Protein chains: 2
Amino acid sequence: MKSVDHSAIVILGASGDLARRKLIPALDSLKQSGRIGENCVVVGSGRKEFSDEEFRSHVDASPAIAPLLHYHAGIPGLKAYLGGLGRFETVIVFFSLPPKVYADTAAALEEEGFGEETRIIVEKPFGYDVESSRELNRRLAEHFPEVNIYRIDHYLAKEAVQNILVFRFANSLFYPTWNSGYIESIQINASEELGVESRGSYFDGAGVLRDMVQNHLMQMLSLMTMEAPVTLESEDIRVQKVNVLKALEVVRFARGQYEGYRSEPMVDPDSTTETYAELELRIRNFRWEGVPVYIRTGKALGRKGTEIGIRFKKLPKLLYNHDGNLEPNRIIFQIQPTTGIVIDHTVKVPGTDRTIAQSQLDFCLSDAFGPPVVEDAYQRLLMDALDGDRTLYVSAQETELAWKVLEEVVNQDELFLYRRGSMPKSALGVDWIDFTGYQSGC
Amino acid sequence: MKSVDHSAIVILGASGDLARRKLIPALDSLKQSGRIGENCVVVGSGRKEFSDEEFRSHVDASPAIAPLLHYHAGIPGLKAYLGGLGRFETVIVFFSLPPKVYADTAAALEEEGFGEETRIIVEKPFGYDVESSRELNRRLAEHFPEVNIYRIDHYLAKEAVQNILVFRFANSLFYPTWNSGYIESIQINASEELGVESRGSYFDGAGVLRDMVQNHLMQMLSLMTMEAPVTLESEDIRVQKVNVLKALEVVRFARGQYEGYRSEPMVDPDSTTETYAELELRIRNFRWEGVPVYIRTGKALGRKGTEIGIRFKKLPKLLYNHDGNLEPNRIIFQIQPTTGIVIDHTVKVPGTDRTIAQSQLDFCLSDAFGPPVVEDAYQRLLMDALDGDRTLYVSAQETELAWKVLEEVVNQDELFLYRRGSMPKSALGVDWIDFTGYQSGC
């Protein structure tokens, strides 16, 4: 286990919800497990005026983390305040702020004297399209080098997502089949049961393409299809993800909106924002030519679940069920809420002559290692940032390339409507895997 | 489901144990499930004099099977007796007899007028070595054509064994790796906890090489490594099994005997019969050159279990655990008492940075299809013989070739001793898979 000491964690927007609900509890856990030492400090900063004690109380600090917590209102004077608390080998600044102020905040930090060794952590959205993402990256880069800009994609911190590269590159059984010779298609699904709820204001300006596809689903797609990295260094992995994104193009897509969306709070009554999207993409490279990659994601659907399905090609010769009904093998990566892997394979039905059926080889990630040590994504991400490990963070180049892939798609208006709580029939005629059949493994 | 009618099943040696304990109960089940019709007859024949009623009572016949049961003492007159019971489209004759009388019995049947369309069913041992097996086959062939000689290998009727070809040839995920490019070694294990018990007289004249390796383990080896058959017709499968046996050779072997074996009832006090054997074989063909096949079987061992392990090669490049400790993938076929498949693969340990560990993808054959419809091997085998399906039976050519592979091995004297109830260290230095670790899946 990594551990650090003599580090400063600055949280901008510290009086907000995220700090109290996620960041301070994550730091508390890290402190309690000894992964951040006694000589670290956590400095909250925001528009409100708090004493240290008021801040500790505001965030419900536990006795473990409370002694490390401090507060300084606003950025001016923050550098000197930090200097008064000690000397720190590492300073990370978490932007718990609206993205529209990221660039100005970076400028203010530099002006305040935070050097380029300072690591800044920002959350999505990283821009609104190709142009705006480039502009944001350009402006951040004026103040901090790319190597110290940490862009969070929460999906990358999920255990089941981290396991994708292990599955692919630490198993000699599977890698020989991981190409267009054996794989027929790849399906990436992210279904939500909830509608926009209280997020109408943000969501109506985004849509699922910006909120889910450009970041989380593109990242999973890259991990699932990238070439083997030369090493596991974050830069070597990034290069291979970038190679996928450069080769990626959308060949078809469809946008949907659930009935009643326009009446949701804070949503434009004439909104053409998509709450559902389905895409067929192709990766134009040697490994994947001819293999469609399908993405489907939506809100207010009939089920909740994120999973990736690999569908294998038919056998070269059908010995069993030669009327053509032999189901192809599938590997299902269950990302959430279940975390596991299922291999759907063909077996002989016991007691019959040669009747065959599909059955499952199951692996439940959350059960396999005893009571799961569920590490909150923020624990992992903060620890990696303190340690300088950018593997689970997204680079400027990746965000811009992902926007570029979606360039033609994100500004469309055409929509079909679907009923709340339904699973709309594939708008592209894709033969979607019924992922519900795989929920029982864990 | 297959079903037959107007068939006669003749059991020679019908007053013996096998008929009462196995054959009649199997026929009873087939009758009750409607797979053998009202116009079938089962004629017991033996040295004892029974009336039909006495025979029915002797074998504890249920009301379902009793009306079909008849008895005729000895072979002379049997044909006429059968003629008196009706006209039958199919006649099968089960030799529940000592192998040494097989040939004379076949001659007597022919003399009695059983034509070459009669199917005869015999059980192992099929000879004692190459010469004696050829002689037995030659003599049987004087009276009945090979196509009507059904040699039982009980292992072939096991569900987990029947599933081997389905796994290999109905799954596009696995077949690309099934060769020397990806597979490092194949291990076939059959461990028994029991010693010779009451079978000392038979066993001491045989040994595990003749009792287990020449038949059951060679058959499993063939199924695991054969080329794809052109169709699933028994002849097409046989051809490919024969191709393996022709290419097979023993490169090393070791024989063992458990301490105390020579004091077992009916065992020669100076016996050099092996109760344990370990072999390294090679299949000299394009697919398997360079891949050792290990066989291990024994009695009075520390555990009971039959399984086949496929160990995959190392990855071409170790990204994870590059100190060289990355365990290779394994596929474990559990044959008995557990019937299932386990894929041992590498996963990321949740909550760690990039620590990896082995974990299991599990498939339990006996659980997957609800409460298992356990079909007794004899039900399946008798039904197949009535139907003329020889897929689960062994040909003359296979038995002779299997003897030939073991020619240099079966007449050796050298032995090492092992303790009853132990698992002897591999005499050949083979890194045996610890199959006990895979017993929990079902």
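Structure data summary
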| read-out | value |
| --- | --- |
| Relative contact order of chain A, defined on C-alpha pairs under 8 angstrom at six or more residues apart (%) | 17 |
| Cut-off under 5 Å, modelled amide H: who pairs with residue A:252 long-range | A:280 |
| Gain in span if fully extended, residue A:387 to residue A:408, counting 0.36 nm per residue against the direct Cα distance | 3.7 nm |
| Copy-to-copy label separations for residue A:337, where each label sits 7 Å from Cα toward Cβ, in nm and ascending | 3.8 |
| Anisotropy class of the range A:314-433 from Cα gyration tensor, a/c 1.5 cut | oblate |
| Innermost chain A residue relative to the axis carrying A onto B, by Cβ distance in angstrom | A:361, 2 |
| The protein assembly as shown, accessible surface, carbon-and-sulfur percent (1.4 angstrom probe) | 49 |
| Surface accessible to a 1.4 Å probe, residue B:354 within the full protein complex, Å² | 90 |
| Relative contact order [Cα under 8 Å, 6+ residues apart], the range B:7-123, whole percent | 32 |
| Lysines with Cα under 23 Å of residue B:2, excluding same-chain neighbours fewer than 8 positions away | A:348, B:22, B:31, B:158 |
| Neighbourhood net charge (14 Å Cβ-Cβ; Lys/Arg +1, Asp/Glu -1) for residue B:368 | -4 |
| Cα centre as origin, Lys/Arg/Asp/Glu Cβ charges: the protein assembly as shown dipole, Debye | 240 |
| Degrees between helix A:130-141 axis and first principal axis of chain A (Cα, 0 to 90, nearest 10) | 40 |
| Ascending list, in nanometres, of distances separating the residue B:52 label from those of the other copies (7 Å, Cα toward Cβ) | 10.4 |
| For the pair B and A, total buried accessible area rounded to nearest 100 Å², probe 1.4 Å | 5500 |
| C-alpha long axis of helix A:234-247 to longest principal axis of chain A, angle in ° | 50 |
| Calculated label separations, residue A:259, copies of the chain, 7 Å along the beta-carbon direction, nm | 8.1 |
| Among A:32, B:12, A:150 the positive-end extreme of the charge dipole of the protein assembly as shown (Cβ point charges) | A:150 |
| Neighbouring partner chain Cβ atoms per residue of B:158-170, average, 10 Å criterion | 5 |
| Dimensionless Rg over Rh [the protein assembly as shown; C-alpha; Kirkwood] | 1.10 |
| Inter-centroid distance (Cα atoms) of the range B:112-131 relative to the range B:307-386, Å | 38 |
| Zero-based 10 Å bins, Cα pair distances in the range A:7-123, whole percents | 14, 51, 32, 3 |
| For the range A:255-306 and the range B:15-63, distance of Cα centres in Å | 66 |
| Ranked order, B:70, A:58 - accessible area, probe 1.4 Å, largest first | A:58, B:70 |
| Probe 1.4 Å, accessible area per residue of chain B, Å² | 39 |
| Other protein chain Cβ atoms within 10 Å, averaged over every residue that makes up A:306-312 | 1 |
| Karplus-derived 3J(HN,Hα), 6.51/-1.76/1.60, for each residue of the range B:414-426, Hz, glycine and proline x | 5, 9, 10, 9, 9, 6, 3, x, 9, 10, x, 4, 3 |
| Cysteines without a disulfide-compatible neighbour (Cβ-Cβ under 4.7 Å), the protein assembly as shown | A:40, B:40 |
| Heavy-atom SASA rank of B:94, A:88 (probe 1.4 Å, accessible area, largest first) | A:88, B:94 |
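The values are calculated or read from the model by the stated rules, or taken from the named source; none is laboratory data. Model, not experiment: these values are computed from the prediction. Please note: Cβ atoms are built from the backbone with ideal geometry, for glycine as well, and neighbour counts cover all protein chains shown. Note: accessible area is taken over every heavy atom of the protein model, side chains too, but ligands, DNA and RNA are not part of it. Shrake-Rupley method; radii C 1.70, N 1.55, O 1.52, S 1.80 Å.
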